[in-house]
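Written out below as structure tokens is the structure these notes cover.
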């Protein structure tokens, strides 16, 4: 019955007036990653008409292919869903480098990142970047937008922060953000519990995801209040440190993560299915950017506009991290990775985000770096891929459209030269990108990024 339905669907689409004269695109052969099961299986063909996948055939369940289709031969290749970066900023930081978001968007698409979630920015500029992306799918990933950083007074980031100290103001703020069509609200480090709780309540009333970069608002309280997601591994780590240990020297680099406060928080996150977006790349870079050539001299950085690299280098020179503290800082980062592994083992749903374009977090490329760091943290490549595709899609409430390769879903695919389930670093080996049903050469996309 299912086979007959698929064939009928293809027939209906082939004669639909809305796509008359538009041939189907067929991706033939190759191995297909099922982001739901985590399996890589031989594929017969993927049929795309317009922006949607209309049929997926396997060797066990072949499908009838439409006539006059344009065929892309994927024999010997590996096909994964379009990757999603769950944490970027398309205004903040770029402002300081005199770079605009539209200039760096092709970097994402060239790396197989077909969707990004901006996680807090100036709302007008952010919206304009998202509109540019929607109008230029041949150059840009789709962009989901977020509120300003909802913070206390004074705000931490004056360019993208919004001071909300009175819970009575929250409803109007959320109404305003919803009118801008954001999909996510973000509470920031200074937010108090009464304000945070009200943001969660009002956000959920409007069907919005609420995420948090926490400090004043305890993670334990935010989880009890119903928050959907925590940004950065520190939003968990900082609340896994018992008070008596927090006062000790080097507490962060020596913390025993089997302490009751840590294990209790991990269990609570798992029980409430709260998503955590570790953004390990930005912490490795911030902690070690002055010390490691592999960070500030990484080959990925050379693909960036010169203005962005110049800003990053100036930022690094101004940090003044003492060489004598390098061992402590390295151990602290390893603790962040250890906690990431513990969260995964406990069943906490993890996302894959980068905080691009924070210093040395190159747009597009940083997602591959993040996936590598998550694998080093104890996750299998298949689990990392699932986090970067279907789990990230669910965090956007887009699991029905994005994150997997199935009939009815948006046609976002990446064709790779090598198997990413064998080695996550193979996600870098992008041969072809399909975004909204159109296929693009990653080399040509990179040429669209300004060098200066």
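Of the residues 181, 198, only one is over 25 Å from residue 391 (Cβ atoms), out of contact with any strand residue (DSSP E or B) (no Cβ under 6 Å at 6 or more places or on another chain) and touching a residue at least 12 places away in the same chain (Cβ under 8 Å); which?
It is 198.
Testing residue 297 on (1) without any contact (Cβ under 8 Å) to a residue 60 or more places away in the chain; (2) closer than 22 Å to residue 261 by Cα, one condition comes back false. Which one is that?
The failed condition is (2).
Just name the residue that is farthest from residue 279 (Cα to Cα) out of those in segment 143-166 that are in contact with a helix residue (DSSP H, G or I) (Cβ under 8 Å, 6 or more places away or on another chain) and free of Cβ contacts under 8 Å to residues at least 40 places away in the same chain.
In this case the residue turns out to be 166.
Yes or no, residue by residue, for (1) closer than 26 Å to residue 226 by Cβ; (2) touching a strand residue (DSSP E or B) at 6+ places or on another chain (Cβ under 9 Å); (3) not assigned by TED's automatic domain parsing to the domain that holds residue 215:
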position: 271; (1), (2), (3): yes, no, no
position: 275; (1), (2), (3): yes, yes, no
position: 288; (1), (2), (3): no, no, no
position: 305; (1), (2), (3): no, no, no
position: 312; (1), (2), (3): no, no, no
position: 317; (1), (2), (3): no, no, no
position: 328; (1), (2), (3): no, no, no
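The values are calculated or read from the model by the stated rules, or taken from the named source; none is laboratory data. Predicted model only: the values in this text are computed from it and were never measured. Positions of Cβ are generated from backbone atoms using ideal geometry, with glycine treated the same way; all protein chains shown enter the neighbour counts.
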